[in-house]
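Worksheet: the structure to be examined is printed underneath.
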Amino acid sequence: MRVPSSRNPRVASSINPLVALSLNPRVASSLNPNVASSRNPLISSSLNPRVSASINPKVAASLNYKIASSINPRVASSLNPRIASSLNPNVVANIGGLYVWSLDLEVMAFTVEANAVVRLIFDTNVDFSGVLITVREDFLNEFDLNNEWVAYWIHARDQSWLRFTLKGRWIGFTT
């Protein structure tokens, strides 16, 4: 996958949360859901799709890509990076979406914005792999293709989001 150097944390240390401590939830407690309870969906029920039906794609049809064809990349070709080459990081290096990184600085995926609330996740092979639902401007919930809640993302700054397991373990970030 082609990643521009300005969005590559191996090259640009200012976007690497392992180096830029203001982006590191182990140091910046306001970004740590285990410390900042307002960012923890197990404590703050408004962030939890198991409690709040309006952010659960199993309940809210407009968030369910299986029902809402406008957010399904298999139907809406303008959201499919295999068809819309401007969305494909294997064709165009500086995509409009986010690059998703592991803490080992391996690019894992990228996102495509479907609408103001929904972003689609594609793996490095450009296979559709999940959905992000915006809960509020600083918080996203991640769902797999079965609409199971699998992770959540906390906004750090600019295009930097921190990715956590449901138990609050930091597992990745975006650029």
Of Leu166, Ser38, Ala60, which is farthest on the positive side of the dipole of the chain, counting Cα position, with +1 on Lys and Arg Cβ, -1 on Asp and Glu Cβ, and the Cα centre as origin? Ser38
Under 19 Å from a point placed 7 Å out from the Cα of Val35 along the Cα-to-Cβ direction: which residues of segment 153-175 have their backbone N that close? 153-157, 161-165, 167-173
Taking a ≥ b ≥ c as the square roots of the eigenvalues of the Cα gyration tensor of segment 26-156, is the shape rounded (a/c under 1.5), prolate (a/b larger than b/c) or oblate? oblate
Could you give the dipole magnitude of the chain about its Cα centre, charging the beta-carbon of Lys and Arg +1 and that of Asp and Glu -1, in debye to the nearest 20? 140 debye
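Exactly which GluC sites (Glu not before Pro) in segment 67-166 are in a DSSP loop and have at most 14 other Cβ atoms within 10 Å?
Glu106, Glu137, Glu148
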Label-point separation, Ser102 to Ser85 (7 Å along Cα→Cβ), nm: 3.1 nm
Any chance you could run the full-extension gain for Val92 through Ala61? It's 0.36 nm times the residue separation minus the Cα-Cα distance, nm to one decimal. 7.9 nm
What does the extension gain come out to for Arg74 and Asn125, with contour length at 0.36 nm per residue minus their alpha carbon separation? 16.8 nm
Of the residues Val150, Val92, Ala76, the Cα lying farthest along the dipole of the chain towards its positive end, which is defined by charges on the beta carbon of Lys, Arg, Asp and Glu, belongs to Val150
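Read-outs: derived from the displayed coordinates by stated rules, not from any lab. Values in this document were obtained by computation on a predicted structure and should not be read as measured data. Backbone-built Cβ (ideal geometry, glycine too); neighbour counts: all protein chains shown.
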